[in-house]
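The values are calculated or read from the model by the stated rules, or taken from the named source; none is laboratory data. Worth saying up front: this structure is predicted, and the values here are computed from it rather than measured. Every residue, glycine among them, receives a Cβ derived from its backbone with ideal geometry; neighbour counts consider all protein chains shown. Protein only, heavy atoms only, side chains kept; ligands, DNA and RNA dropped before computing areas. Shrake-Rupley method; radii C 1.70, N 1.55, O 1.52, S 1.80 Å.
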Amino acid sequence: MEKYIINGGNKLYGSVKIQTAKNSVLPILAAAVLTDEKITIKNIPQISDVRNMIKILTCLGCKAVYDGDNVIIDSSASDCCEIPSALAHELRSSVFLLGSVISRFRSAKIAYPGGCDIGLRPVDLHLNGLKRLGVEITEKNGYIHCKCDKLRGNEIMLDCPSVGATENIMLAAVKAEGVTTIANAAREPEIEDLQNFLNLIGAKVSGAGSSTVRIEGVKKLYGCEYSPIPDRIEAGTFLVAAAMCGGEITAEGAKPENIISLIHKLRENGCKIHINNDKIVLENHRRLTSVKSIETQPYPGFPTDLQAQYTSLCTVCSRHSIITENLFETRFKYVPELRKMGADITVIGRNAFVRGVEKLKGASVMAHDLRGGAALVLAGLAAEGRSEVLDISHIDRGYGSFEYKLRNLGADIVRVTV
Ligand code: UD1
């Protein structure tokens with residue numbers, strides 16, 4: 001097991017290059033199964049979720065070759081439609097493969113997916129959507145079995161705008177016969193990125209980014225080279241870090257328009273933020289002021305994936321804040337850990353009531369999930385004294401070279417094998 005040791009209190013200065021979005025790369029990797037031609041995905045982030053997805057593709061018989069920062073996927077020899085439980089449990093996004101594997105083999109068997117422990121994460125919307133396209137689904141001994149003679153386009157209405165269900169249905173529908181529409185689709189930028197990728201390989205998808213996605217089935221898909229969009233959650237995490245620690249940083253190669261909700265909040269907190277094309281410059285030299293309340297919402301609302309980092313920030317603001325988590329049930333697991341550092345937080349149901357303290361104090365804390373783990377690192381950077389964050393494998397799922405990037409900005413953080 002590895003941990004971070006952090007000596008807090010340093011201000012952050014300099015530039016950080018934003019990685020490619022984890023949540024774009026994962027469904028795009030899943031989409032590679034749809035074609036026999038080579039797909040090159042550029043600037044692959046060095047994170048374990050991506051490495052695990054590539055392992056799953058290899059297990060399906062695809063060839064994956066790293067070429068510097070790029071990965072080349074060749075699915076022409078893919079001959080297996082089963083994803084074993086050990087791999088599916090490593091990664092929730094393995095469920096995206098249902099759509100593409102069923103499209104390719106007319107059959108799929110996948111163990112129930114894993115992922116962050118942030119509460120119940122059902123896949124009913126994914127499965128209902130696939131059923132509407134003609135897939136027969138049975139669930140047995142922890143496995144989902146799917147089969148169909150033919151995929152047929154249909155009208156699908158999601159009960160709630162699920163990112164994963166929208167993407168999975170898109171993947172199943174691109175080669176279905178006829179037209180599929182997904183109403184109440186999620187509108188996250190990563191869905192538009194998946195659409196752009198699919199259209200580049202010959203699909204006919206429109207409407208992604210709005211709440212109705214239309215997919216006209218095509219017979220064949222081709223190869224391409226693709227650069228997915230920058231990671232808005234990684235960019236947001238570094239901005240929150242600099243806001244909490246003080247200093248001035250530039251997040252380079254970002255897409256500022258994709259994290260407007262965070263930028264507005266950080267300005268309300270008292271940070272100066274300038275946007276210059278793909279650069280976001282954040283400057284702060286004072287104690288931050290609380291915003292009264294904030295709630296997580298589907299895009300373009302405040303992202304649940306930045307909730308923990310932002311709550312960490314609220315712990316050192318002047319006055320009170322209320323943070324409401326509307327998407328996932330137990331996404332406050334990091335709160336008892338933050339309390340060990342002196343944070344004053346009470347969680348009641350979906351709400352966290354935070355009373356800002358002047359300073360956090362270093363402590364030994366445990367990461368329980370990806371974003372909660374990042375929130376603890378930020379708290380450690382802003383705290384007085386020494387902290388250790390244990391079980392950082394959760395953080396490695398989504399942040400490539402996290403400690404190098406932070407050290408480049410002036411943070412005192414090292415990785416240690418326990
Ligand atoms: C994706 C992101 C994740 C982010 C989340 C919400 C990826 C790889 N992951 O996860 O980082 O936190 O969006 O922005 O892109 N739901 C159901 N039934 C389903 C599916 C979802 O009830 O079949 C519910 C979930 O319990 C949750 C809500 O819908 O309350 C949103 O989940 P969803 O958008 O599906 O999240 P993911 O795609 O898993």
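Run the dipole for segment 22-226 about the Cα centre, Lys and Arg Cβ at +1, Asp and Glu Cβ at -1, nothing else charged, and hand back the magnitude in debye, nearest 20.
440 debye
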- Query: So what's the gap between the Cα centers of segment 123-192 and segment 15-91, to the nearest angstrom?
  - Reply: 21 Å
- Under 5 Å from the placed amide H of LYS17, counting only residues 5+ away or on other chains, we find GLU252
- Note on the structure: For segment 22-226 the mean separation of alpha carbon contacts under 8 Å (6+ apart) over residue count, i.e. relative contact order in percent, is 20 percent
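May I ask you to give the solvent-accessible area per residue for segment 299-418, in square angstrom, as obtained with a 1.4 angstrom probe?
It amounts to 37 Å² per residue over segment 299-418.
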- Message: What do you get for trypsin sites (Lys or Arg not before Pro) in segment 216-273 restricted to DSSP loop and a cutoff of at most 13 other Cβ within 10 Å of the site's Cβ?
- Response: LYS219, LYS220
- Query: What part of the accessible area of the chain, given as a whole %, is carbon or sulfur when the probe is 1.4 angstrom?
  - Reply: 48 percent
- For segment 53-106, the Cα-Cα pair-distance distribution in 10 Å bins from 0, as whole percents, is 24, 54, 21, 1
- Using Cα-only point scatterers and the Debye equation, what is log10 of I(q)/I(0) for the chain at each q in 0.07, 0.08, 0.11, 0.13 Å⁻¹, rounded to two decimals? -0.33, -0.43, -0.80, -1.08
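Starting from the exponent 0.38 and prefactor 2.2 Å, build the expected Rg for segment 206-303 from its residue count and divide its actual Cα Rg by it.
In units of the globular-protein estimate, segment 206-303 measures up at 1.37.
Mind checking the per residue accessible area of segment 13-122 for me, 1.4 Å probe, whole number of Å²?
I get 36 Å² per residue for segment 13-122.
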- Note on the structure: Protection proxy (average C-beta count within 10 Å per residue), highest first, orders 242-252, 381-391, 408-418, 1-11 as 242-252, 381-391, 1-11, 408-418
- Listed residues ALA185, ASN154, ILE137: farthest to the positive end of the dipole of segment 126-186 (Cβ charges): ILE137
- Query: What Kirkwood radius, in Å to one decimal, follows from the Cα pairs of segment 22-226?
  - Reply: 16.4 Å
- Query: Can you run phi through the Karplus equation (6.51, -1.76, 1.60; θ = phi - 60°) for segment 186-192 and list ³J(HN,Hα) in whole Hz, with x for Gly and Pro?
  - Reply: 5, 10, 4, x, 5, 6, 5
- Item | Where Rh is the Kirkwood radius over Cα pairs, Rg/Rh for segment 257-342 | 0.97
- With the dipole of the chain defined by +1 on each Lys or Arg Cβ and -1 on each Asp or Glu Cβ, the option from ALA31, ALA77, GLN46 whose Cα lies farthest towards the positive pole is GLN46
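If you take every DSSP beta bridge fully contained in the chain, what fraction is antiparallel? Give it as a percent rounded to 5.
70 percent
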- Item | Estimated Rh, segment 131-183: Kirkwood, alpha-carbon pairs, angstrom | 11.8 Å
- Query: Hey, what angle do you get for helix 260-269 against the long axis of the chain, alpha-carbon based, 0 to 90 degrees rounded to 10?
  - Reply: 10 degrees
- Note on the structure: Measuring from its Cα centre, the chain shows a charge dipole (+1 at each Lys and Arg Cβ, -1 at each Asp and Glu Cβ) which, in debye to the nearest 20, is 460 debye
- Note on the structure: Along segment 290-305, Karplus-curve 3J(HN,Hα) (6.51, -1.76, 1.60; θ = phi - 60°) to the nearest Hz, with x for Gly and Pro, reads 5, 8, 4, 8, 8, 10, 7, 8, x, 3, x, x, 5, x, 4, 6
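Using a cut-off of 9 Å between beta-carbons, work out the net charge of the residues near ILE413 (Lys and Arg +1, Asp and Glu -1, ILE413 not included).
Taking every Cβ under 9 Å from that of ILE413, the sum is 0.
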- Among the listed pairs LYS42/LYS340; LYS17/LYS265; LYS22/LYS175; LYS22/LYS361; LYS3/LYS292, which are separated by more than 30 Å between their Cα atoms? LYS42/LYS340; LYS22/LYS361; LYS3/LYS292
- Query: Separation between the ASP412 and ASP69 pseudo-spin-labels, each 7 Å from Cα along Cα→Cβ, expressed in nm?
  - Reply: 3.1 nm
